[in-house]
Amino acid sequence: MGRRLSAAALDQYARDGYIFPLPVLSTDEARQYRLRLERVEGQLGGPLRGYYRVKPHLLFTWLADLVRHPAILDAVEDVLGPDLLCWNTSFFTKEAQSAGFVSWHQDATYWGLSEPDVLTAWIAFTDSTPANGNMRVMPGSHRAQAPHVDTFHPDNLLSRGQEIAVEVDERQAVDIVLRAGEMSLHHVLMVHGSGANPSDDRRIGFAIRYVPTRVRQTAGPRDSATLVRGHDAFGHFELEPRPDADLDPAMLALHAEISDRQAKMLYRGTSKTRF
Ligand SMILES: O=C(O)CCC(=O)C(=O)O
């Protein structure tokens, strides 16, 4: 038994590579998060694009709070230990009646992190169901890295449209069905993906990537991360400050630098970028 997860849930994570559903926010809190995002989208003239897709928790106080939410961190600590960094965040938003999809892939493929003790907390800002293109996972697929190819498909929500280059038996896939305010956790080597959203409403998920402080960046320049719990005895990452206000000019400048560095790392080996 951990701080938040039962022994059975921890066994399931070790065996299958994922756990869900875990409540984080009330339905009303989830709605407030969606409204905040949609207010920002209204100000910016549409869905988040370019650098706003990278680490938005450095630009918005309400996302800075969310990556530090005890209901998330207690569960993450049970898996990764007490000293935790938030390495990255991004929205996975599928518009109503849109073709946007996520090809089958493993997150570890291009992230350059030194070990697979890395997980994603995927927080549902709306319900996420088969009707609107929920995430799907392949149980037990997190034991080995498989080769990938880049497709840069225009409807693929992933940075390089990366796709696993081995057969995926979709009959074994599990639907990660979440109510707004719930989260799932998945391992960095988990094979996962999702289909289009034919429904009349948006599907919005906020993905938070957590690592223990012992993990290093092995690809490219010095990387940065946000210490969200415990103590960093390793200093492998530059520690990022917390924003005091939304779209604070100093944070915007720092965030642009960090996003540039991240783009170089994520797009290494290709001349194309999507930022
Ligand atoms: O939102 C989705 O459907 C997929 C999310 C995903 O690929 C991820 O969190 O790594």
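Summary table below
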| item | result |
| --- | --- |
| Residue satisfying condition, being β-branched (Val, Ile, Thr), within 13 Å of the ligand (Cβ to nearest atom) and either in a helix (DSSP H, G or I) or at positive phi (or both), within set 109, 120, 89 | 109 |
| Candidates 242, 171, filtered to the one that is open to solvent by 20 Å² or more (accessible area, probe 1.4 Å) and not in a loop (DSSP other than H, G, I, E, B) | 171 |
| Residue match in segment 52-70 (condition: of a type in the set (Gly, Ala, Ser) and out of contact with any helix residue (DSSP H, G or I) (no Cβ under 7 Å at 6 or more places or on another chain)) | no |
| Test for residue 27: is it of a type in the set (Val, Ile, Thr) and open to solvent by 70 Å² or more (accessible area, probe 1.4 Å) | yes |
| Residue count for segment 84-103, restricted to those that are open to solvent by 30 Å² or more (accessible area, probe 1.4 Å), at pLDDT below 95 and in contact with a Ser or Thr (Cβ under 9 Å, 6 or more places away or on another chain) | 1 |
| Hits in segment 127-143 (condition: open to solvent by 60 Å² or more (accessible area, probe 1.4 Å) and within 17 Å of residue 189 (Cβ to Cβ)) | 136, 143 |
| Cβ-Cβ under 6 Å pairs, at least 6 apart or on other chains, segment 213-227 side within 16 Å of residue 55 (Cβ to Cβ), far side part of a loop (DSSP other than H, G, I, E, B) | 217/112; 217/223; 223/237; 224/237; 224/240; 225/237; 226/240 |
| Some residue of segment 51-70 being more than 16 Å from the ligand (Cβ to nearest atom), open to solvent by 10 Å² or more (accessible area, probe 1.4 Å) and at pLDDT below 95 | yes |
| Subset of segment 219-239 [surrounded by fewer than 20 Cβ atoms within 10 Å (Cβ to Cβ) and of a type in the set (A, V, I, L, M)] | 219, 227, 233, 239 |
| Selected residue [part of a loop (DSSP other than H, G, I, E, B) and surrounded by fewer than 20 Cβ atoms within 10 Å (Cβ to Cβ)] from 5, 48, 10 | 48 |
| Qualifying positions in segment 123-138 - hydrophobic (A, V, I, L, M, F, W, C) and near the ligand (Cβ under 9 Å from one of its atoms) | 135 |
| Candidate set: segment 175-218, residues that are crowded, with 21+ Cβ neighbours inside 10 Å, of a type in the set (Val, Ile, Thr) and part of a loop (DSSP other than H, G, I, E, B); chosen: the one farthest from the ligand (Cβ to nearest atom) | 213 |
| Positions within segment 144-163 being β-branched (Val, Ile, Thr) and crowded, with 21+ Cβ neighbours inside 10 Å, in sequence order | none |
| Yes/no for residue 81 being at pLDDT below 95, surrounded by fewer than 19 Cβ atoms within 10 Å (Cβ to Cβ) and of a type outside the set (Asp, Glu) | no |
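The values are calculated or read from the model by the stated rules, or taken from the named source; none is laboratory data. Quantities reported herein were computed from a predicted structural model and do not represent experimental measurements. When we count neighbours, we look across all protein chains shown, and the Cβ atoms used for this are built from the backbone with ideal geometry, even at glycine. Areas reflect the complete protein model, heavy atoms only, side chains present, ligands, DNA and RNA absent. Shrake-Rupley method; radii C 1.70, N 1.55, O 1.52, S 1.80 Å.
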